[in-house]
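So the structure is just underneath, and the comments pick up after that.
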Amino acid sequence: MVPEKTRSYIVITPVKNEEKNIGRLIESMVNQTLQPELWVIVNDGSTDRTVEIIEDVKKTNNWILTISLEDSDWDIGIHYSEVCINGFNFAMSYCEEIGIEWNYIGIVDGDMRLVKSYFEKLIEKFEENKKLGIASGGFYSLHDGKFKFEHVRIDLPIGGARLWRRECFLETPYLPTYSPDSVSNIKAKLRGWKTKVFNEVTAFQMRRTRSAKGLRTGATYQGRSSYYRGFTPIFALLKGLRLLTKYPFYPGLWYWFGYFSFLLKGMDKIDDEEIISYYSKTRMQEIKNLYFEKVKKFFKIGKNKESGS
């Protein structure tokens, strides 16, 4: 069995008006088979009962803390990453101040619900692979009242319920940027860390991804994020086409609007040559390799069927 001390972890959660969902998250965190040493919930100016619900639970769980930021307009852009950074900085400073040891650090968004063994299972994966830097479970999101499994690349841990190894997190700090989870995955991979999604460990998102303010806003954000991170126009066109093949189709158009409106305005991009280079060069090659392998697999299966008939 892995010693308890080496399995210690801390978590932060950014929240903004999550009264409909925060109760489910709290229940799943309190019932984790391996509880965190500290859970910092960052209130970003909620105006509903979110804080009231959290304060009630804190009375019987002294490992849950809250910090409140000044009221601000809700934003899924760079602001989200800044809220998370506030949480990380507070959590690490608090741990240092009162002597809490931690070996892993994570984010869980306020609209998530986790299986009871979520963090214990992830930490087991970290212990099996010392080069694993970032991990998450697979996840289902709520579509019209039903949970649907979200297929994501196995090497791209999700942003809403992820865990870092301490050394990886300190080597590749969480940055103020669009899509901070994607950026952190790249930073880790470029430094030799493994990043992985373990679909057998499950999380549930109580709304569709990027739909908190509607699919149109979410798709526009996605396009702006792609521009900001250095996607080439060709890559953006292909990504928009891919979105157009999925119901309800129109997010592909709003993705293009987000990307090309930023392009035409000459908006600033991330001030990080490493990230720009990755998205403008390396990522396209990765996509080519991925689809090449899929085509090879398809024809291999077809040949096997023919030889077996």
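A few comments on the model shown:
- A dipole drawn for region 4-205 from +1 and -1 charges on Cβ atoms has a positive end, and of ILE41, THR66, GLY145 the residue lying farthest that way is GLY145.
- Gain on full extension, evaluated as 0.36 nm per residue between ARG216 and LEU263 minus their Cα-Cα distance, stands at 15.1 nm.
- In terms of packing, defined here as the mean over residues of other Cβ atoms within 10 angstrom, the peptides 85-97, 151-163 line up highest first as 151-163, 85-97.
- With a Förster radius of 45 Å applied to the beta-carbon distance between HIS151 and ILE98, the computed FRET efficiency rounds to 0.60.
- The GNM of the chain, with springs linking C-alpha atoms under 10 angstrom apart, assigns the highest mean-square fluctuation among TRP193, TRP39, TRP164 to TRP193.
- In region 128-227, the C-alpha radius of gyration followed by the widest Cα-Cα span (Dmax) gives 14.3, 41 angstrom.
- If both residues of a DSSP beta bridge must be in region 4-205, then about 40% of such bridges are antiparallel.
- Taking THR177, THR13 and counting other C-beta atoms within 10 Å, the order from fewest to most: THR177, THR13
- Alpha carbon centroid spacing (whole Å) that separates region 26-74 from region 272-290: 37
- The candidate values are [x] 5, 22, 28, 23, 14, 6, 1, 0; [y] 6, 28, 35, 19, 7, 3, 1, 0, 0; [z] 6, 25, 35, 24, 9, 2, 0; the one derived from this structure for P(r) over Cα pairs in 10 Å bins from 0, in percent carries the label [z].
- Cβ crowding within 10 Å averaged over residues, with 219-227, 249-257 ranked highest first: 219-227, 249-257
- Under the simplified labelling scheme, the GLU274-GLU200 pair shows an inter-label distance of 3.2 nm, with each label point 7 Å from Cα along Cα→Cβ.
- The residue among THR50, ILE154, TRP193 whose Cα reaches farthest toward the positive pole of the charge dipole of the chain, with charges on the beta-carbon of Lys, Arg, Asp and Glu, is ILE154.
- Springs join every pair of Cα atoms under 10 Å in this Gaussian network model of the chain, and among SER117, SER179, SER136 the largest mean-square fluctuation is at SER117.
- Most mobile of GLY99, GLY258, GLY133 in a GNM of the chain (Cα contacts under 10 Å): GLY99
- Mean ellipticity per residue at 222 nm, deg cm²/dmol - from DSSP H runs of n ≥ 4 across the chain, formula -39500 (n - 2.57): -14500 deg cm²/dmol
- Annotation for LYS281 and THR47: the two label points, set 7 Å from Cα along the Cα-Cβ direction, are 4.8 nm apart.
Values quoted throughout were computed directly from the atomic coordinates according to the rules given, and no laboratory measurement underlies them. Predicted, not measured: the structure shown is a model, and the values here were computed from it. Because the Cβ atoms are built from the backbone with ideal geometry, glycine has one as well, and the counts that use them run over all protein chains shown.
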